[in-house]
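In what follows, a single structure is set out as structure tokens and then discussed.
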């Protein structure tokens with residue numbers, strides 16, 4: 001209906017970086033921001049293909065172009081404890097952390113020459129309208145919660161963190177690390193038949209590589225899953241300090257509040273998260289059992305000592 005009446009179509013992006021009709025239309029507002037496409041080198045991020053954010057523009061006037069103020073993004077690989085972080089933060093009286101929204105997958109198309117011409121005349125590029133859509137959707141969720149700070153934690157955000165930093169120049173980032181071998185094993189254990197261990201290693205590693213690349217370039221707070229499960233009070237106090245929020249001890253008893261449905265595709269859905277309390281993490285793997293492909297990241301994140309040259 002929206003397409004028929006207004007010539008604008010909202011779609012779900014099929015994959016990161018896929019070309020879309022009208023995505024490079026010229027505009028008149030704002031300046032291009034962010035880093036250009038390239039590859040990161042060394043330190044466990046060799047071969048990273050960074051998204052070309054030079055074609056995306058920051059808000060020309062943040063006061064009118066954005067509704068959200070300082071949104072927070074938890075960046076992590078899947079099976080790193082981001083759902084636990086979500087529900088604990090969501091238990092804070094001032095924080096709303098919804099299920100994984102996959103907001104980066106919401107895309108806009110200018111489907112007729114008329115709407116393309118109109119948007120160009122008004123100074124909008126496709127990405128500008130997408131940013132407005134993302135901002136409005138997350139702001140609506142925040143308003144409905146009655147709280148002040150929104151925290152989004154979809155794992156695939158690691159691939160578009162640079163664009164988020166352009167969309168929201170005041171965005172804040174929390175980098176959530178977990179032992180790489182534990183990440184791969186947990187992803188495998190969630191569906192052993194469809195996720196053999198060799199596939200689990202390759203799948204989760206690409207998230208970890210992207211996370212490390214972003215962590216080296218964007219400001220933010222680094223948190224370890226193992227520390228969260230060992231001393232949750234200390235870690236969430238530290239997170240509250242970073243977010244300029246008062247510490248609320250009842251946060252860690254997250255089971256006393258409602259946090260949306262635990263289901264596959266929207267975050268963790270397994271038994272441990274349903275207990276309503278922070279459970280101990282799994283025992284760290286023996287260094288000799290770490291898959292070869294994960295060894296450099298384990299060294300980079302300090303989980304094992306670097307091999308002698």
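The values are calculated or read from the model by the stated rules, or taken from the named source; none is laboratory data. Given the structure is predicted, the values throughout are model-derived calculations rather than measurements. So basically every Cβ, Gly included, is an ideal-geometry build from the backbone, and we count neighbours across all protein chains shown.
Miscellaneous remarks
- Verdict on residue 229 being part of a strand (DSSP E or B), surrounded by fewer than 19 Cβ atoms within 10 Å (Cβ to Cβ) and touching a residue at least 24 places away in the same chain (Cβ under 8 Å): no
- Meets criteria (under 20 Å from the mean Cα position of the chain (by Cα), in contact (Cβ under 8 Å) with a residue 24 or more places away in the chain and either assigned to a helix (DSSP H, G or I) or surrounded by fewer than 19 Cβ atoms within 10 Å (Cβ to Cβ) (or both)) for residue 93: no
- Candidates 98, 78, 71, filtered to the one that is in contact (Cβ under 8 Å) with a residue 60 or more places away in the chain, touching a helix residue (DSSP H, G or I) at 6+ places or on another chain (Cβ under 7 Å) and more than 21 Å from residue 147 (Cα to Cα): 78
- The set of residues from segment 278-292 being in contact with a helix residue (DSSP H, G or I) (Cβ under 8 Å, 6 or more places away or on another chain) and either buried (at least 18 other Cβ atoms within 10 Å of the Cβ) or in a loop (DSSP other than H, G, I, E, B) (or both) comprises 278, 279, 280, 281, 282, 284, 285, 290, 291.
- Candidates 204, 222 - the one that is closer than 27 Å to residue 104 by Cβ, modelled with pLDDT of 95 or more and not in a helix (DSSP H, G or I): 222
- Residues within segment 60-87 that are modelled with pLDDT under 95 and closer than 28 Å to residue 227 by Cβ, tallied: 10
- Residue 189 meets all of the listed conditions (1) without any contact (Cβ under 8 Å) to a residue 24 or more places away in the chain; (2) over 29 Å from residue 305 (Cβ atoms) but one, namely (2).
- Leading residue by the ranking (modelled with the highest pLDDT) among those in segment 180-193 that are closer than 16 Å to residue 79 by Cα and outside any helix (DSSP H, G or I): 192
- The one condition from (1) modelled with pLDDT of 95 or more; (2) farther than 25 Å from residue 160 by Cα; (3) more than 21 Å from the chain's Cα centre (by Cα) that residue 238 does not meet is (3).
- Yes/no for residue 267 being buried (at least 17 other Cβ atoms within 10 Å of the Cβ) and modelled with pLDDT under 95: yes
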